[in-house]
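Structure record follows, encoded as structure tokens.
The values are calculated or read from the model by the stated rules, or taken from the named source; none is laboratory data. Here the structure is a predicted model, which means the values were calculated and not measured. Don't worry about glycine lacking a Cβ; one is built from the backbone with ideal geometry, like all the others, and counts go over all protein chains shown. The protein model used for the area step is the full one, side chains on, heavy atoms only, and it has no ligands, DNA or RNA in it. Shrake-Rupley method; radii C 1.70, N 1.55, O 1.52, S 1.80 Å.
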Amino acid sequence: MTALVELGGLEKRYEAVRALDGVDLSVAAGEVLGLVGHNGAGKSTLINVLAGTVVPDAGRIEVRGEDLTRGYDVTTATDRGIRCVFQELSLCPNLTAAENTRIVHRSIRGHGWHERARALIMATLDAVFPGHGIRPDRRIGDLSIGRRQMVEIARAFTETETPVRLVILDEPTSSLDSTAAEQLLAYVRRRQADGVATILISHLLGEILSAADRVVVMRDGKVVADRAASTLARDALVGLMGHVAQQPGAAAGRRRLDAAKVLDGPGPGGRHRLELRRGEVVGLAGLAGHGQTAALLAIYDRPRAFAAEAALAFVAGDRQADGVFPLWSIRDNIAVRSFAALRRHGLLDEGGVSELAETWRQRIGIRTPDVRNPILSLSGGNQQKVLFARALASAATIILMDDPMRGVDVGTKSEVYALIRQEATAGRSFLWYTTELDELVHCDRVYVFREDEIVAHLEQDEITERAVLQASFRADTEAVA
Amino acid sequence: MAAWLARTGVRDWLFAYVGAVTVWLVTVVIADGFGAMQTLTAGLGFAVFYVLVATGQMFVIATGPGNIDLSIPATVTLGAGVAMSVMAGSDAMIVPGFLAAIATGIAVGSFNYALIRALRIPPIIATLSSSFVVQSTAIWYGRGLSIKPPDALQDFTFARVLDVPVMTLVAVLFTMAMAVVLRRTVYGRSVLAIGQNPKAAHLAGVDVERTRWVTYTLSAALAGFTGALFAGFSGGVSLDMGAQFLLASIAVVVIGGTSVAGGRANLPGLWGAALFLFLLVTMLNAAGVGSGVRQLLTGVLIIAVITAAGGEQRGR
Amino acid sequence: MIIDWRELVRTSLPALALAALLGAIFWLQPRAMSYQGLNLLLNLSIPIVFATLAQMFVLTVGDLDLGIGGFVTFVACVTVTWLAEAPLVGVLILVAAIGLYAAVGALIELRNLPAIVVTLGMSFVWFGLAVIVLPSPGGRTPEWLIAAVRLRPPGIPLAILAAVGIGLVGHLLLMRTSFGVVLRGAGGNPRAITRAGWSMLQIRMTLYALAGLMGVFAGLTLAGITTSADANIALRYTLLSIAGAILGGSQFTGGRVSPIGAVLGALVMTLAASFLAFLRLNPDWQIGVQGAILILVLALRAVLDRLAGER
């Protein structure tokens, strides 16, 4: 039997990061394939390649035995019956469910189009999520996030001219309640009989193991395991996602329990308090997008609620969206957080600004001949250093870090780790959201987030990859709080 | 050379000056050299009003996409009316008159900001709504207000030193000061930071709300002040005296090289653009072309400038 | 099924504002409740309704048209000159003008330009062309056009019939056809629209052309009502059309527009202006009443949104 989809030797680089490092994957018709891996393992890039939204640097894409590598794009994918439900919603919020269905089906037009679109989406919604209670004539923007997700999923299964052959579901159950999630998985299994294949990405390992025929595990841009689901257990999966040898608590023996608390407030979800002591480096772990950034922003915007007395600084992770001022020089990007302190007679002291920038260029090793060069002349890693310098150059003693090492090369990382430790020893406190397991060894303590709550608090000697992964991936049997 | 132009920001405003000088030279050639200085003097005088309102508009536009003050014309008219009635033709009341015009502007600006904040509407809509109310107030207040400006004020607006209007010299000093505010104060840097990325600015410790309030207040205060000065120059209040400043204030800012995408602004460009627009009128008049062609060319010029600058992120 | 009363109130705000305004007029001046009275009150509404709809089409893709006032002026000036003297040439000019509108949309899309500045430039262009076409106030509107806007259909004044008609056509076109869905979707989530294989260039050009068409109708009817024109005739239309569209529930971003709301918004704006004159109150406050009503409606909407947000 020819595979429905055959991917060979896919490679994709983003600056220093190898998102895909020679990935082979085949999906058979009617198969449910579970795809798991920790943050940055390459899952998203892989499905984006398959959906036609990311062009790989190298590799081969075949659909039903036809080589489509050249010029493979969204239209090619949809014409071959490949549908993708992305985590960010690709619905138009100002349109209704029926209207959004019309957008993706060119053939729904002319007289009576609305009734047909409505009938199509309602029939699919009824089939996938019986008793969903969604009115097809309400604007998507007015629906709850869970119902939006239902519409998006159901829309992927609607058929007009081309039959659906493969549906990629990226964390489909993340905003569905347990009933809807079960309905979806049951529907996916029912459609297997029609030959519809599904690729399922989920942080709920129980879900993967019960729904999938086969599980592919990715790590560091590679496929590290490809096995029948029946041969795997949850613990084995967790083991496959992490690195083999890992010594716990490389940061051993540094923590000072007697130090004063600089942050102290109720953690998200209310199960654990969120505390930070002077000189501590505390990690916020868990899968990406499970409420860590929101927690940092809550502290930044309402420091009083966390009994913060000292000044706070924020190191953004999404450099383009939250961090860099693209029109400014490196110098001004470093100094912006300190402008108020750099005044002389009410005016910015240009000499002081330059001096500050130059000091930090040297301290943190920003690779540029001149700090007056534009910020965009720097590589991503060096831009990130600028954002660190901005926070550390300021008077703030509490530093909030929002997954700042995204897409940063190894060399830069180790320089920054050393700097963080050095600053912590000098009395600064760090709250560090990171999506990379390796970085947690640099933390004194770790809070693990799942579904917008702190679900585990790991003391120094408990910080292991396995413990973090166990807490990040929920077993379905576990009671929902 | 190109790198130097880019780094110093001279490139942003050079175009406006090249345009102004070219147009002036053409005018001089058309007129066989007659009245070359008079043209320039007149231009420098008229430019003052455009530059003053455009300075406020520029700070507003620099705070990013969607930020435009549409209430400027109404505030100009209201400021003129208030100033003239406070001055009541008396030289002694000139300063209180200007202060009253500025205070009017501060009130309008604060109202604009309150609408933006309380109703969570785009600044354009907020300033549009308030402009209706302010304009109505100005018409009601200004109707029948046939007060002549104080003699000393009128004299001042026409005074010259070596063919350069005194008013222009003062305004140049003012814009130089505002250039320092833009580049060298925390407020000015905050405006530019917000214009590039409001979220990043907030996370970098910039007080976004306070900066917005100051910006809208500054714009309206300058509009009020300009109204008072313009009334002195033109011999009194007229009900539609502000109308020309709506499109002109935006045009001067854009031609002067300020980015409507936000975060990039400069003051020298305002003078270049204001002179350019005024001298263009003079040139076309000298060439015997009517006001229709003049407006047409102004429009084409604006579109050409923005297309040449193009490719930036969508400024909404 | 639970009826979301907040949403209901929210969508009916423009209608409520119109009803409140009409109620106030009828209460203060019962004679207004007649064919003649309504005719007088709504006399100027037809061109404003068209202009507001033009603005709404541009708002659909999240742009703002600062040139519509100039465009309506230009059309009115062409109407009282070329269209009266050489109808064929006049029609060609107007068709070309709509084409230029679509071209502006294309320029904005292709070069990724800020619409607000480009349409500001176009505003100068249209006003300039208006002066070139009609250097001094005057001209004469073709008789058929004057007769058309002076029609007195039995029972219901023309202005009301026109408003209902324009609102319905706009609603059907944008809200009910399968292509209208794509146009609105482009304002809501352009990425999703592009991903589904639609061309943003075509969409933007279509919307700008529709805006141009509405602008032509606005200019024609305005010239019909005034019987002559001048180069400042529609100076206020730019701001008035934005105010009307926003009052009618269209939003600045996200493709949330409402043709019926825009028509109602335009009627409110017209009534607010004629309200004072009709009651022989100080007409200086005409514009102020327009602004106050706009602020009031926006404030009510903000309150409703805040209540909804607290759920």
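Structural remarks
- The antiparallel fraction among DSSP beta bridges confined to the protein assembly as shown stands at about 55%.
- Convex hull projection area averaged over all views, region B:192-242, Cα basis, nm²: 4.5 nm²
- Value of Rg to Rh for the protein assembly as shown, rounded to two decimals, is 1.00; Kirkwood radius and Rg both from alpha-carbon coordinates.
- When B:M84, A:M150 are compared by accessible area at a 1.4 angstrom probe, the order from most to least is A:M150, B:M84.
- Length-normalised contact order of region C:5-306 in % [C-alpha pairs under 8 Å, at least 6 apart]: 36 percent
- With a cut-off of 18 Å on the backbone N, the residues of region C:179-199 near the modelled label site 7 Å out from C:D305 along Cα-Cβ are C:187-189.
- Using the Cβ-Cβ distance between A:A426 and A:S210 with R0 set to 41 Å, the FRET efficiency works out to roughly 0.20.
- Chain A: projected area of the alpha-carbon convex hull, averaged over directions, in nm²: 25.5 nm²
- The largest-to-smallest principal axis extents of the Cα set in chain C are 61, 54, 34 Å.
- Taking 7 Å steps out from each Cα toward its Cβ at B:A304 and A:T53 produces label points 4.3 nm apart.
- The helix-only estimate of mean residue ellipticity at 222 nm for the protein assembly as shown, built from DSSP H runs of length n ≥ 4 each weighted as -39500 (n - 2.57), is -18000 deg cm²/dmol after division by the residue total.
- Chains C and B together bury some 4100 Å² of accessible area, summed over both sides, with a 1.4 Å probe.
- Highest-fluctuation residue, C:S241, C:S250, C:S34 considered, GNM on chain C with Cα pairs under 10 Å: C:S34
- Using a probe of 1.4 Å, the accessible surface attributed to C:I156 totals some 80 Å² when neighbouring protein chains are kept in position.
- Computed over protein heavy atoms with a 1.4 Å probe, the carbon and sulfur contribution to the accessible area of region B:1-113 reaches 77%.
- Computed E for A:R273/C:L172 - FRET, C-beta separation, R0 60 angstrom, nearest 0.05: 0.55
- Label-to-label distance, B:R11 versus B:M37, with points set 7 angstrom from Cα along the beta-carbon direction: 3.8 nm.
- Cβ-defined net charge surrounding A:N94, 11 Å radius [Lys, Arg +1; Asp, Glu -1]: +1
- Compactness of region B:2-310 as Cα Rg over 2.2 N^0.38 Å, two decimals: 0.98
- Of C:E85, C:E109, C:E143, the residue with the greatest mean-square motion in the GNM of chain C, using alpha carbon springs below 10 Å, is C:E143.
- The share of accessible area on region C:5-306 that comes from carbon and sulfur is 72 percent, using a 1.4 angstrom probe.
- Heavy-atom surface of region C:5-306, accessible at 1.4 Å and reported per residue (Å²): 36 Å²
- Each residue, A:A123 and B:V95, gets one label point 7 Å from its Cα in the Cβ direction; the gap between the two is 8.4 nm.
- Among B:Q295, B:Q196, B:Q154: highest mean-square fluctuation, GNM of chain B, C-alpha pairs under 10 Å: B:Q295
- When chains C and A come together, the accessible area they lose, probed at 1.4 Å and totalled over both chains, is close to 1900 Å².
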